[in-house]
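None of the figures in this text is laboratory data; all of them are computed from the coordinates on show. Just so it is clear, the structure is predicted and the values come from calculations on it, not from any experiment. A quick note on method: Cβ atoms are made from the backbone with ideal geometry, for glycine too, and the neighbour counts reach across all protein chains shown.
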Ligand code: 13P
Ligand code: SF4
């Protein structure tokens, strides 16, 4: 962090002048997460914070779908994203036309879409969910079948936790799909580490894990268990950001970084606060329908 101090100081000054709130996802690098963010968390926490926030200007340090969700939930506010190219392989895996085709193939079956989707896909969905509340949202539909998209691994995980039959899509996270069960076993056997895995990992990874959950749920598990050594089978900025909170725990890092999250940097945050751009805009007709799906998720909660 010392290397970054001039940027951190400049951003924090400009942030005050602008009356802005900076929100950062747990996969942001430590200098952003610890240095300039006012609000940090998983994608559900950021969506809840955007809905509740009273600042008129939000800088969303995360990927594009997160900034879009903030804008949809807080349409009167300006939402800036430091790099509009920060995408997500899951959001890119499905279009609104794909969702309409799925509905035509399964008439009457509700659609639950992971928040890692575009606003257009959310607008075609009955409800959104995140990895923190996917089982609860699926069950809140009150139907025997649910179309669940786009992550097939998260879908497999949810299916293992509920009696609801899920119709899945073939999307995957380019970061989490790379982890293997063998890697997880290696971390346990070589380092005697407890294993925490994100449900976007393949099933043979979460079969090895002591705990499977969203980024916030992993933090809560660590608070409860306080293990001597842990391997986080997820995007590796998470371990960097949690280390400060758990100084007595050794973090083993099977490291995969999300290239989209890494596009957000301190100089880009500074430039976007200085220039008040790029701002995220969502056409009103899309935003209104997408907002209903997001609100339905927020009503279910965590
Ligand atoms: P969370 O819902 O756990 O924040 O995960 C979002 C994400 O992009 C995971 O790769
Ligand atoms: Fe998307 Fe995976 Fe990156 Fe999360 S880690 S933003 S799911 S590509």
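Quick rundown of the values:
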item	result
Rounded if a/c under 1.5, otherwise prolate or oblate - region 14-60, Cα gyration tensor axes	oblate
Euclidean distance of C-alpha centroids, region 1-75 and region 227-296, integer Å	9
Considering only the chain, percent of DSSP beta bridges that pair antiparallel, nearest 5	5
Separation of the residue 271 and residue 174 label points, Cα + 7 Å toward Cβ, nm	2.1
P(r) histogram, all alpha-carbon pairs of region 176-257 included - 10 Å bins from 0, percent	20, 60, 19, 0
Highest-MSF residue in the chain out of 63, 115, 135 [GNM, Cα springs under 10 Å]	135
Ratio Rg/Rh, restricted to region 228-276 and using Cα atoms, in which Rh is the Kirkwood radius	1.15
Residue order, fewest to most beta carbons within 10 Å, for 236, 272, 291	236, 291, 272
Ranked 61, 255, criterion: other C-beta atoms within 10 Å, fewest first	255, 61
Inter-site label distance for residue 144 and residue 163 at 7 Å from Cα along Cβ, in nm	1.2
Relative frequency of Cα-Cα separations exceeding 25 Å in the chain, percent	47
Residue exposure sequence - 201, 53, 88 - by fewest surrounding Cβ within 10 Å	53, 88, 201
Coarse-grained scattering of region 149-302 at q = 0.10, 0.16 Å⁻¹, given as base-10 log I(q)/I(0) from a Debye sum over alpha-carbon atoms	-0.48, -1.05
Per-pair calculated FRET efficiency, R0 = 45 Å: residue 105 and residue 56 via Cβ, rounded to 0.05	0.55
Anisotropy class of region 221-302 from Cα gyration tensor, a/c 1.5 cut	oblate
Per-residue [θ]222 nm for the chain (sum of -39500 (n - 2.57) over DSSP H runs n ≥ 4, rounded to 500)	-12000 deg cm²/dmol
Within region 94-136: backbone nitrogen closer than 15 Å to the residue 285 label point (7 Å, Cα to C-beta)	96-97, 120-121, 123-124
